[in-house]
Structures are given as C-alpha cells and as structure tokens.
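This report refers to the structure that appears directly beneath it.
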Amino acid sequence: MICGSMFSGKTEELIRRVNRARIAKVNVEIFSPVADTRYDKSALVSHNLNSIPSKAVDSSAAILPLASHIQVVGIDEAQFFDEGLPEVCQTLANSGVRVIIAGLDMDFKGRPFGTMPQLMALAETVTKLHAVCVKCGNQASFSYRLVPDDSKILLGEKDSYEARCRRCFNLDGEI
C-alpha cells in the first residue's frame with residue numbers, strides 16, 4: 001500500500017515498483033478507475049509525466065477476470081474505486097498475487113477517503129509518502145482544494161489542489 005496526499009509521488013512509486021517486477025520478468029498488470037481521465041486512458045501517468053501501460057476498469061469486480069494469469073497487480077487511484085475493492089484485493093492476495101495499491105489516504109477535507117482505511121488495515125506494509133507544503137516548505141500530508149467545489153470527487157491538478165502541512169491546511173481549510 002502506497003498512500004499520501006496529492007503531489008507526494010504515489011503514482012511514481014507504484015510505477016517504480018511495477019517496473020522492478022517487470023525487470024524480474026514477472027507478469028504484471030496495472031489497473032486504474034475509468035473515471036480518472038486526467039492524462040491517458042491506456043497508461044498510468046505520474047505528475048512528473050512518467051508512464052506505464054495500464055487498463056482502465058469501471059469497477060473493482062472487473063479486475064479479477066483480467067488478473068487471472070498475473071503475478072503482480074498494481075492499482076492506482078484506489079480511493080476512486082467502489083466498496084468491493086478490499087475484497088478483490090484480498091482474493092488476489094490469498095491466491096498468491098502480489099497487490100500494490102496507491103491512493104489518497106485523505107480527501108480534501110482531511111478525512112479518510114473511500115475504502116483506503118480498509119485497504120491500509122489489510123495491507124502487509126503501508127508506505128505513507130509526503131509532499132512539500134507550498135506555503136511553508138514543511139512536510140505536507142494534506143491535499144488542499146483551491147477551487148470552491150464541495151463535491152467529494154473533483155479530478156484536478158495544481159490548478160485545483162496544493163499540498164499543505166497540517167498547520168497551513170488548518171489556517172485555510174478544515175479538519
């Protein structure tokens with residue numbers, strides 16, 4: 001499990017881990033939610049524009065039939081998947097598949113995001129990455145929304161979000 005705020009390098013770390021498995025000649029497949037169309041529908045692309053082929057799926061249940069011959073499964077933007085994702089990950093892991101998940105641990109209000117708490121509890125290891133606070137330069141673990149939109153999911157980049165430390169997040173945000 002790889003988690004953290006926006007701009008902390010979660011996708012970059014997922015790509016790195018999957019590439020290491022590919023070097024070892026292991027069958028890998030990366031899945032992302034079909035709703036995340038920010039960069040490319042057939043590739044996982046980090047904010048640094050590093051990319052790797054991936055499959056966009058409309059539900060967590062769609063992963064199981066596509067992963068029948070796979071040894072390592074990567075899942076990006078896990079917070080956007082449905083409530084079935086923890087069970088899908090358990091099924092894969094219990095059948096011997098290495099599952100690497102990346103996602104936001106908190107939403108823009110600083111609250112646990114989707115099934116991420118369940119996934120973190122089920123994971124053997126959790127790597128929490130941090131960004132740099134754009135206000136003060138300290139370690140950032142919050143995704144501060146810049147635009148006035150209260151919807152839970154708002155896909156965006158640096159025009160919509162910035163990384164903030166707890167202190168700077170609380171100056172303007174809520175927790």
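Read-outs throughout are calculated quantities, based only on the coordinates presented, and are distinct from any laboratory measurement. Here the structure is a predicted model, which means the values were calculated and not measured. Here Cβ is always computed from backbone atoms with ideal geometry, including for glycine, and neighbour counts include all displayed protein chains.
Give the long-range amide H neighbours of residue 140: residues separated by 5 or more places, or on another chain, with amide H under 5 Å away, using H modelled in the peptide plane at 1.01 Å from N.
Excluding prolines and chain starts, which carry no amide H, the hits are 131, 132, 133.
Quick one: how many lysine pairs does the range 2-129 have with C-alpha atoms less than 22 Å apart and a gap of 8 or more or different chains? Give me the count, please.
Numbers: 10/41; 10/55; 10/109; 10/128; 25/55; 41/55; 109/128.
Lysine pair count for the range 2-129: 7.
Given Cβ point charges of +1 (Lys, Arg) and -1 (Asp, Glu) and nothing else, what value in debye, to the nearest 20, does the dipole of the range 2-129 about its Cα centre take?
The calculated dipole for the range 2-129 is roughly 460 debye.
Quick one: give the max-minus-min coordinate of the C-alpha atoms of the range 107-150 along each principal axis, largest first, in Å.
Computed over the Cα atoms, the extents are 34, 26, 9 Å.
Given H placed on each backbone N at 1.01 Å, which residues far from residue 56 in sequence or on other chains put an amide H within less than 5 Å of it?
32
Just subtract the alpha-carbon distance of residue 19 and residue 59 from 0.36 nm times their residue separation and send over the number in nm, one decimal.
12.0 nm
What is the sum of charges around residue 135, taking Lys and Arg as +1, Asp and Glu as -1, for the other residues whose C-beta is under 11 Å from the C-beta of residue 135?
Values: positive: 164, 167; negative: 162, 172.
With Lys, Arg at +1 and Asp, Glu at -1, the net is 0.
With θ taken as phi - 60° and the coefficients 6.51, -1.76 and 1.60, list the Karplus ³J(HN,Hα) couplings across the range 91-105 in order, rounded to whole Hz; mark glycine and proline as x.
4, 4, 4, 5, 8, x, 7, 7, 10, 10, 10, 10, x, 6, 7
Count neighbours as other Cβ atoms within 10 Å of each site's Cβ, and list the GluC sites (Glu not before Pro) in the range 69-108 that are DSSP loop with at most 11 such neighbours. Could the numbers behind the result be given before it?
On the way: sites: 77, 83, 87; in loops: 77, 83.
Of the GluC sites (Glu not before Pro), the ones in loops of the range 69-108 whose Cβ has at most 11 other Cβ atoms within 10 Å are 83.
What share of the DSSP beta bridges in the range 2-129 is antiparallel, in percent to the nearest 5?
Close to 20 percent.
Cut-off is 10 Å between beta-carbons; in what order do 69, 130 appear when sorted fewest neighbours first?
Final ranking by Cβ density, sparse to dense: 69, 130.
Consider all pairwise Cα distances in the range 2-129 and report the whole-number % of them above 20 Å.
Values: 3041 of 8128 pairs.
The answer is 37 percent, as a whole percent.
If you take every residue apart from residue 72 with its C-beta less than 10 Å away from the C-beta of residue 72, what net charge results, scoring Lys and Arg +1 and Asp and Glu -1?
Cβ neighbours under 10 Å give a net charge of +3.
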